[in-house]
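Novice: This is the structure I want to talk about, given as structure tokens.
The values are calculated or read from the model by the stated rules, or taken from the named source; none is laboratory data. As the structure is a prediction and not an experimental result, all values here were calculated from the model. Here the Cβ is made from the backbone with ideal geometry for all residues, glycine too, and neighbour counts use every protein chain on show.
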Amino acid sequence: MRNIKLNPATNSNILLDKDNIKDFKAITRGEVMLPGDHGYESARKVWNAMIDRKPGLIVRCIGTHDVIQAVNFARDNNLLVAVKGGGHNVAGNAVCDGGIMIDLSLMRSVRVNTTNKTVRVSGGCLLGDVDYETQLHGLAVSAGIVSHTGVAGLTLGGGFGWISRKYGLTVDNLISADVVTAEGKVLTASREENTDLFWGIRGGGGNFGIITSFKFKCAEIGTEVFSGMMIQPFEDAKKYIQFHREYVRKLPDEMTVWMVVRHAPPLPFLPERLHGRMVVAIPFVYLGDRTTGEELIRPIREFGHPHGEAMGMNPWLEWQAGFDGLGSHGARNYWKSHHLEDLSDEVIDKILEFAGKFPSPDCEIFIPHMQGAPSRVAENETAYTFRSTPYVLNIHTRWNDAAEDEKCIAWARDFFENTKPFANGVYVNFISEEGEARVKEAYTHETWGRLTQLKNRYDPTNLFRMNQNIKPSG
């Protein structure tokens, strides 16, 4: 007999005998792994090293048929379900204790249609998989900024990156998706079919089913973009941020300029004496010719007394993977986040106060400027809301020693509380494990009500609850 814990919180268990598991393996084309099996330990690991959960079994699917069988098996045996795409979510919802992990990481097909400028992407793909295939044709999907992020999780929460101001959020470029529901049915969600479901998966997370395939519209960006980074002294941070908050809002959609407060990594264009010192990094991407891009960022380059800069026409593939090292697998991570209506002087003071007492050298304060194309989409067009908010304040706490957990988490929470008075909502993909009340803050009241009704229809028993959960009202 195998004892698979269903819900550690309630100490309830379910027993699956060998024949039950044997029958399940017989109808599964992929791998079915139990604790102790070869590959189990590596398969259960996710990006955030704080998450150390052990599923009762792991199903590594290789196609939609496997996903259907896994969903049916989980439902019929009353198992807790976690779904793993890239496993990159900071809350670690891709893995559960006890129950079943439905792992899509072997499903990584990418098929580009050059005639229609679209791409079909399997549910286990990483952003890098999509970039490699689309860039063969000078195309790109408007998505995230770390190449080992999972496409599914990023998309279902909204998705933004370097070209979003010009081409919209990832959900704005989603044409259709194949969804395996809690009933084990495959539905196509699009503007023509199951339109309510299509609305909900564009920002509502993994609450309504498992996406086995996405179809995206591609942008024609070529294979190189004018991009780079400028470094300002931390000592002049307040003056620079005051300038930055006004200037970036005047830029055209083709130009994206963000800001990161952190200890300087060992960048080759910085003198070694500055490595490890607090700085303000200003990365940018311009979708146009270099001459125009240089003119647009000239005021930023000439502000104050910068430490250094590096810029040029960079291959998109290299740029998209250029920040991977700062968010590599294996570290402990805890995030807090806000949407900000403004970078007021009061907010700046709080940012610099907490930046001055980072609990570890790998922490950072990430402040992307949003607006652009996403802000011109109606708020009720998708489940992703707060489209007009100009800034995101993302508090990235990152460390390696478990003994520092309490200190690092306390710093992030204190920072969060001190900036909450200036906030309006939150991006659902940037939420750690914070409970239902916090998840609600990612949506308007009207959107939350509509999402709840969708949950009632497509997952009334809340089979898919290892996520930023929207509970059915029943």
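Novice: When residues of segment 401-412 are filtered for being touching a strand residue (DSSP E or B) at 6+ places or on another chain (Cβ under 9 Å), more than 20 Å from residue 93 (Cβ to Cβ) and surrounded by 12 or more Cβ atoms within 10 Å (Cβ to Cβ), how many remain?
Specialist: 4
Novice: Is there a residue in segment 457-467 that is in a helix (DSSP H, G or I) and among the basic types (Lys, Arg)?
Specialist: Scanning segment 457-467, I find at least one residue that is in a helix (DSSP H, G or I) and among the basic types (Lys, Arg), so the answer is yes.
Novice: Let me spell it out: the conditions are (1) free of Cβ contacts under 8 Å to residues at least 24 places away in the same chain; (2) more than 15 Å from residue 240 (Cα to Cα), and residue 298 meets all of them except one. Which number is the exception?
Specialist: Going through the list (1) free of Cβ contacts under 8 Å to residues at least 24 places away in the same chain; (2) more than 15 Å from residue 240 (Cα to Cα), residue 298 breaks only (2).
Novice: Can you spot a residue in segment 324-338 that is under 16 Å from the mean Cα position of the chain (by Cα), surrounded by fewer than 22 Cβ atoms within 10 Å (Cβ to Cβ) and assigned to a loop (DSSP other than H, G, I, E, B)?
Specialist: Yes; the residues of segment 324-338 include at least one that is under 16 Å from the mean Cα position of the chain (by Cα), surrounded by fewer than 22 Cβ atoms within 10 Å (Cβ to Cβ) and assigned to a loop (DSSP other than H, G, I, E, B).
Novice: Here's a follow-up. For segment 361-381, which positions are of a type outside the set (A, V, I, L, M, F, W, C), in contact with a strand residue (DSSP E or B) (Cβ under 9 Å, 6 or more places away or on another chain) and either farther than 16 Å from residue 343 by Cβ or free of Cβ contacts under 8 Å to residues at least 24 places away in the same chain (or both)?
Specialist: 361, 362, 364, 372
Novice: State whether one or more residues within segment 301-313 are at positive phi and in a loop (DSSP other than H, G, I, E, B).
Specialist: yes
Novice: Same structure again: Suppose we filter 393, 352 for residues that are surrounded by fewer than 20 Cβ atoms within 10 Å (Cβ to Cβ), touching a strand residue (DSSP E or B) at 6+ places or on another chain (Cβ under 9 Å) and of a type outside the set (Gly, Ala, Ser); which single one remains?
Specialist: None of the others qualify; the one that does is 352.
Novice: Something else now. Can you pull out every residue in segment 422-474 that is among the hydroxyl-bearing types (Ser, Thr, Tyr) and under 19 Å from the mean Cα position of the chain (by Cα)?
Specialist: 427, 432, 443
Novice: For the condition of a type in the set (D, E, K, R) and more than 21 Å from residue 180 (Cα to Cα), what is the one hit in 52, 103, 76?
Specialist: Every option except 52 fails the conditions.
Novice: From the set of residues in segment 433-470 that are in contact with a helix residue (DSSP H, G or I) (Cβ under 7 Å, 6 or more places away or on another chain) and more than 18 Å from residue 158 (Cα to Cα), which is surrounded by the fewest Cβ atoms within 10 Å (Cβ to Cβ)?
Specialist: Filtering first and then ranking leaves 463.
Novice: Just to verify a result, which residue in segment 186-207, among those that are surrounded by fewer than 20 Cβ atoms within 10 Å (Cβ to Cβ) and of a type outside the set (S, T, N, Q), is nearest to residue 171 (Cα to Cα)?
Specialist: 191
Novice: Identify the residue in segment 82-92 that is buried (at least 24 other Cβ atoms within 10 Å of the Cβ), closer than 11 Å to residue 466 by Cβ and modelled with pLDDT of 95 or more and, among all such residues, is farthest from the chain's Cα centre (by Cα).
Specialist: Looking at residues that are buried (at least 24 other Cβ atoms within 10 Å of the Cβ), closer than 11 Å to residue 466 by Cβ and modelled with pLDDT of 95 or more, I get 82.
Novice: Take the conditions more than 30 Å from residue 449 (Cβ to Cβ), over 22 Å from the mean Cα position of the chain (by Cα), among the basic types (Lys, Arg) and part of a loop (DSSP other than H, G, I, E, B) and apply them to residue 357. Does it pass? Walk me through it before giving the result.
Specialist: Working: more than 30 Å from residue 449 (Cβ to Cβ): yes; over 22 Å from the mean Cα position of the chain (by Cα): yes; among the basic types (Lys, Arg): yes; part of a loop (DSSP other than H, G, I, E, B): yes.
So residue 357 passes the test.
Novice: Let me ask you something else. Residue check, residue 158 against (1) touching a residue at least 24 places away in the same chain (Cβ under 8 Å); (2) over 25 Å from residue 456 (Cα atoms), all met but one. Which one?
Specialist: (2)
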